[in-house]
Amino acid sequence: MEPKEALNEQAQQLGSVVVLDGSTVRDFAMDEEAFNAVADKLFVSLDQNGDGVLSRAEIRPAFERLNLVEMHFGGPVTKTPDQLNTLYDSVFEAFDTDHNNTVDLTEFRSQVKDILLAIADGLGFAPLTMVVEHGSLLENAVVHETHATVASGHAANKNTVTPSPVTSGA
Ligand SMILES: [Ca+2]
Ligand SMILES: [Ca+2]
């Protein structure tokens, strides 16, 4: 089996295939009630020792799974373990805005929202088909849009706006 096929198969077990564009993600991030509900649920699920804050060790596996970090901070490229350690350290520093070495709910909401908005900017108006993990933020963004525009059919066809220049990476 080709490595790429194995990856696709693994991806399908992990998540669902969705079509996303910038407005899907931005609308979700800007809907404070819907976004906070999802972010809070994610926060609680990440807080494995239940102390109400996230440590470095608690945050990292989540972002490894969600692919958000690669999209926002590093681009979809393979990195060495050392590069990944540096990357996730810088991610943690970005989350921990008051530098007390833990990430609280306010810091978490604010950073996740910024990341989603940055992803939205990167996606622009060009719909992108991707695999998102079940229960992930991006899947929630799609569900959010589906509920908002339930009568309009395929998300991929909803844009008639002139595409903006595509920016790759972040
Ligand atoms: Ca914790
Ligand atoms: Ca903090």
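Annotations
- Per-residue HN-Hα couplings for segment 110-121 [Karplus 6.51, -1.76, 1.60; θ = phi - 60°; Hz; x = Gly/Pro]: 5, 6, 4, 5, 4, 5, 4, 5, 5, 5, 4, 4
- Taking label positions 7 Å along the Cα-Cβ direction at both residue 101 and residue 147, the computed distance is 3.9 nm, reported to one decimal.
- A Förster radius of 30 Å, combined with the Cβ-Cβ distance separating residue 32 from residue 94, puts the computed FRET efficiency at roughly 0.90.
A short reminder: the numbers here are calculations on the coordinates, not readings from a lab. Everything quoted here is computed from the prediction, not taken from an experiment. All Cβ positions, glycine included, derive from the backbone under ideal geometry; neighbour counts span all protein chains shown.
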